[in-house]
Amino acid sequence: MISFLANYGNILHFKENELVHIKIITTGGTIDKVYFDQKSEFQIGEPSVSEILEEARVSLSYDIISVLRKDSLDMTDKDRQLLFDKVASCKQRHIVITHGTDTMIDTARVLQQIGGKIIVLTGSIQPARFRFTDAVFNIGCAITAVQLLSEGVYLTMNGQIFDPENVRKNMDKNRFEPLSE
């Protein structure tokens, strides 16, 4: 194992020749929104992560399951328990979750009770179907992060990796940032 970077007290690591299979779990959120008119009427569409990874020619081993199709503001404790149960029962150790950004931190904190896995949540401020979107970049960051981080739960947004206990969504600047900022 080669350790090369410390981040929020966790060591990022890379194991040479380690074959990693990533479980990608989708829950809906802005990343999968489809808008129908100028009044901002939307529905949560098919998960976009599959198309994004195909277009990027990602060649690592992964599979995708859709657990929910909800705006994160509509997620309930029951929905979080369903997600918790799916993640806890996954045989895979490396898990990426696409999630709405408004309550992603809440969900990450619930998932911290799961041990033995590397869990990375990501989302987007603009839907993946928009021409100018952060979805592609954020998914790429999450796929890379889940392969390098040590055991735990993380968020990756805006080119950064965050500890769920030390992050907030800055609504005015439309970005995630450490609580100390």
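Inside region 55-91, can you point out the residues that are aliphatic (A, V, I, L, M) and within 22 Å of Ile22 (Cβ to Cβ)? Passing the criteria: Ala56, Val58, Leu60, Ile64, Ile65, Val67, Leu68, Leu82, Leu83, Val87, Ala88.
Collect the residues in region 56-78 that are more than 15 Å from Thr144 (Cα to Cα) and in contact (Cβ under 8 Å) with a residue 24 or more places away in the chain, keeping them in residue-number order. Asp63, Ile64, Ile65, Ser66, Val67, Leu68, Arg69, Lys70, Asp71, Ser72, Leu73, Met75, listed by residue number.
For region 115-125, does any single residue satisfy the condition of being in a loop (DSSP other than H, G, I, E, B), over 12 Å from the mean Cα position of the chain (by Cα) and farther than 18 Å from Pro164 by Cβ? The answer is yes; a qualifying residue exists. Of all residues in region 69-104, those satisfying the criterion of being among the aliphatic types (A, V, I, L, M), buried (at least 21 other Cβ atoms within 10 Å of the Cβ) and within 21 Å of Asp134 (Cα to Cα) are Ile95, Val96, Ile97, Met104. Restricting region 64-107 to residues that are touching a strand residue (DSSP E or B) at 6+ places or on another chain (Cβ under 7 Å) and among the polar types (S, T, N, Q) leaves a set whose member that is farthest from Glu165 (Cα to Cα) is Ser66.
A quick yes/no check of all residues on (1) assigned to a loop (DSSP other than H, G, I, E, B); (2) under 14 Å from Val49 (Cα atoms); (3) of a type outside the set (Asp, Glu):
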{"position": "Arg69", "(1), (2), (3)": "no, yes, yes"}
{"position": "Ala88", "(1), (2), (3)": "no, no, yes"}
{"position": "Lys91", "(1), (2), (3)": "yes, no, yes"}
{"position": "Gly140", "(1), (2), (3)": "no, yes, yes"}
{"position": "Gln147", "(1), (2), (3)": "no, no, yes"}
{"position": "Ile161", "(1), (2), (3)": "no, no, yes"}
{"position": "Ser180", "(1), (2), (3)": "yes, no, yes"}
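Read-outs: derived from the displayed coordinates by stated rules, not from any lab. Keep in mind that what you see is a predicted model, and the values were worked out from it rather than measured. With ideal geometry, Cβ positions are generated from the backbone for all residues, glycine too; neighbour counts draw on all protein chains shown.
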